[in-house]
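What follows is a short report on a single structure.
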Amino acid sequence: MALARSPSWDEAAPNEQAPEVWREGRQAVVSLRGEHDLSTAPALAAALAEASALGAGDVVVDLSGVLFMDAAVIKEIVDRREGLHLGSRTLTLRAPSPSAWRVLELCDLTGMVEPLDDRHVHVLPRIMSAVVRSVPWHRAQAS
């Protein structure tokens, strides 16, 4: 019986995709899609380092395509935010998916999410749906 080989750090499992990095004006954007956890944290750290090295602008992490993320992802994001802050730069989060929003809410990091503008209005219903689902039913009925 052959054993299945687990993916290496450089290989993505079917629901994981390597982070993408690009420039958007003065900002560098890192886009996450799929599932991200301890096994993908090194790729995220490398992508955040690449984005930070693209210039003196701020860094944005687009979470709109995230299906799952755990504390290892949060650690990489917070560590990079602190490093950028030392250089008077910022790291913000863009358009978190409902599952990403729940993790951010549990970690009290929703303040890192950039305000929505016309470019991102299409994700507002998904975010609001996640917020409504996170309200305990007894509080929702009392309102």
message = I'd like the full set of residues that are of a type in the set (S, T, N, Q) and more than 9 Å from the chain's Cα centre (by Cα), limited to the stretch 93-114.
response = SER99, THR110
key: Top-ranked residue in the stretch 1-57 [being farther than 16 Å from GLU76 by Cβ and aliphatic (A, V, I, L, M); ranked as modelled with the highest pLDDT]   = LEU54
request  = Identify, by number, the condition in (1) among the β-branched types (Val, Ile, Thr); (2) exposed (fewer than 15 other Cβ atoms within 10 Å of the Cβ); (3) modelled with pLDDT of 60 or more that ILE74 doesn't meet.
outcome  = (2)
request  = For the stretch 18-36, name all the residues that are under 10 Å from VAL59 (Cα atoms) and touching a residue at least 40 places away in the same chain (Cβ under 8 Å).
outcome  = VAL29
message = Anything in the stretch 18-55 that is in a loop (DSSP other than H, G, I, E, B) and touching a Ser or Thr at 6+ places or on another chain (Cβ under 9 Å)? List them, or say none.
response = ALA18, PRO19, SER39
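The values are calculated or read from the model by the stated rules, or taken from the named source; none is laboratory data. Quick caveat: nothing in here was measured; it's all calculated off a predicted structure. Reconstructed Cβ throughout: ideal geometry from the backbone, glycine too, with neighbour counts over all protein chains shown.
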